[in-house]
Amino acid sequence: AAMAPAPQRPAHVSPEVLAQVCEFDEGELKWVPAKEPSAAVAVKLAKAVSGKRCLVVGEREVPLADVRAVAALSPKLLTLQVKGQGHMGLRCDDGPSMEAFVKELVSNKADYERFEQYDQSSVQSYFQYYAKLANQQNMLQDSVRTSLYQEAILSNPSDFTGATVMDVGAGSGILSFFSCQAGAAVVYAVEASSAAETVRTLAAANTMNLRGAEVRVVNKPLETIGEEVPEKVDCIVSEPIGTFLFNERMIETYICARDRFLKPGGKLFPNVGNLCIAPFSDAVLHGEQAGKNSFWNNTSFYGLDLTAAAPRSRREHLTQPVVDYINPECLVSEYITTRFDFMTCTLESLQNIEIPFTFAVGQPCLVHGIAGWFDAVFEGSDSVVTLSTAPWCPGTHWYQIRFLLETPLAVNAGQILEGTLKMEANSLQSYYIKIHMGIQGTGITSSAERIDLKDPEYRFFTSTNTYVPPGTQGAFGQQAQAVDGSAVGGPAAYGQAMAGQVYPQQAQQGQEFRPAKAEPPAGAPPMQLLKEATSAQLQGPPSSSNDPRTRAPRPGAPPAAAAPSGRSDDRAAPRRAAPRRAAL
């Protein structure tokens, strides 16, 4: 099937103990059995009806997000500090069972204290990056991102009018201000970096533009918030998205906010992330990455032979994820989508993600790896808006991403590729990715054993061969190609491409996949508006992010200013790898 459910970790049985609930006797200065319940009760970790993890003590359910402190005073006595309930003691005569339960409880509780688990140099770098206005500016100038977030919020007044809203990772405060313009009464702008001062400054300077809403800035990590947010909120807005949806692991903070602060029946914007993957063929890209070890092929470097290190260098470059725009013609099969419902998915489920795949390849080709992108979906009460980063949609600062196989697979038309993409969360606020795939029925396989999602090659800024989508100027001055092969630019280019090219579609279960001219994908302007759209409608003002040189990528990317410029337009046509036409 083209649409796969969000993968879940294997079922895990949590330890259960029989314990006596205790309370602290201030007169005796010791823990004594509570009056209610007087008998020992079952204590365990479970998943509530809402999908949230909770601590079950007899008949009571305590959200795990409300457990603020855990202390084992002895092998048989555990104390808890619970938000709104104070301290609670649990005494169990079975020491080994109690030890196993405490270990499980502490491990689960740690999911709500994520920044304490991360490498601290990574955390410091993360907050320093987002504190800089230059980096906030580059995200604001991504006109696709900013305009679709604005549309999603303003087109759903039923969810914002008179509401209490939380903006998680507020940055410059733009989503907080959109929420005010949509009618929110109070907005908690949660920003851990020093960019929080910018939110305060802009809120104070724009009181006339915020419709009387109150913006309360909370300058600390979401996971450490206490009385700064004394209430539940009606709606949570956030842009928690990294490359390949999950890089930076900000979505976990978003889920923490949901568990701790969202009212029952409240809304998340966005509430769904769709992760899309497809096999691709691009010999130029694979050759570029494999050839970057040329320095280490030196047999006489100051009297030394470096060639023994060349295989390692080649392997390092081939295991870097490549971030750039993907020519849709490189895709050699229909894509598959895995849906992640942010309203119900758990922190636990995002630690190890496994996506099995099966692709029918429509032409003989070398498959060089897996391409990926995502959609963010805003399902409001009044309208649904989709922000798509697909290869055939207007470009964003997320680009798309590709994971290379060290050894490409030679596939004939009609053969089936099958395999698995696995993601393992790490302490660097990202994931390690492993891909294994093979040709069905042949025993021929290839793999990428360890790809570091946080160590990408931002090829858009480093290669003159990178694809430039319609309406976008390349970092080296190259322009996109019109359908007839001539170089074009500006807003009309996107309409021409949509009208004249064929794009991959999601195949329905049991249907034969057939070529078809695509309608604009989710997130694209309606077809009837494309050719008539003005520059302001599609591309924003001239200073907007449609020139990628004004738009910085996420942490780890080179600054756009570092890329050479001023190349002549004789590089307008991207170099193409054979075979170029996918069976789309």
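Summed over segment 1-13, residues that are under 24 Å from GLU99 (Cα atoms) and either among the aliphatic types (A, V, I, L, M) or modelled with pLDDT of 55 or more (or both) total 2.
If you go through segment 255-291 and keep only what is in contact with a Leu (Cβ under 6 Å, 6 or more places away or on another chain) and closer than 23 Å to SER155 by Cα, you end up with just GLY273. Between a first residue in segment 143-168 that is at positive phi and a second residue that is outside any helix (DSSP H, G or I) and not acidic (Asp, Glu), which pairs have beta carbons less than 6 Å apart while being 6 or more apart in sequence or on different chains? Matching pairs, first to second residue: GLY162/ALA185. Just one of the listed residues (GLU227, GLU288, GLU231, GLU248) is in a loop (DSSP other than H, G, I, E, B), open to solvent by 30 Å² or more (accessible area, probe 1.4 Å) and touching a residue at least 40 places away in the same chain (Cβ under 8 Å), and it is GLU231. The set of residues in segment 188-224 being surrounded by 14 or more Cβ atoms within 10 Å (Cβ to Cβ), among the small types (Gly, Ala, Ser) and either assigned to a strand (DSSP E or B) or in contact (Cβ under 8 Å) with a residue 40 or more places away in the chain (or both) consists of ALA189, ALA192, SER193, ALA195. For segment 385-448, the strands (runs of 3 or more DSSP E) that sit wholly inside it and include 1 or more residues that are among the polar types (S, T, N, Q), in contact (Cβ under 8 Å) with a residue 24 or more places away in the chain and open to solvent by 10 Å² or more (accessible area, probe 1.4 Å) are 400-411, 416-426. None of ILE225, ILE236 is on the phi < 0 side of the Ramachandran plot, modelled with pLDDT of 95 or more and not aromatic (Phe, Trp, Tyr) except ILE236. The single residue among ALA290, ALA309 that is more than 21 Å from PRO221 (Cβ to Cβ), small (Gly, Ala, Ser) and modelled with pLDDT of 95 or more turns out to be ALA309. Of all residues in segment 151-173, exactly one satisfies the criterion of being open to solvent by 20 Å² or more (accessible area, probe 1.4 Å) and under 19 Å from the mean Cα position of the chain (by Cα), namely GLY169.
The values are calculated or read from the model by the stated rules, or taken from the named source; none is laboratory data. Every value quoted in this text rests on a predicted model; they were computed, and no experiment measured them. For neighbour counting, all protein chains shown are included, and Cβ atoms are generated from backbone atoms with ideal geometry for every residue, glycine included. When the accessible area is computed, the model is the full protein with side chains, heavy atoms only, and any ligands, DNA or RNA have been set aside. Shrake-Rupley method; radii C 1.70, N 1.55, O 1.52, S 1.80 Å.
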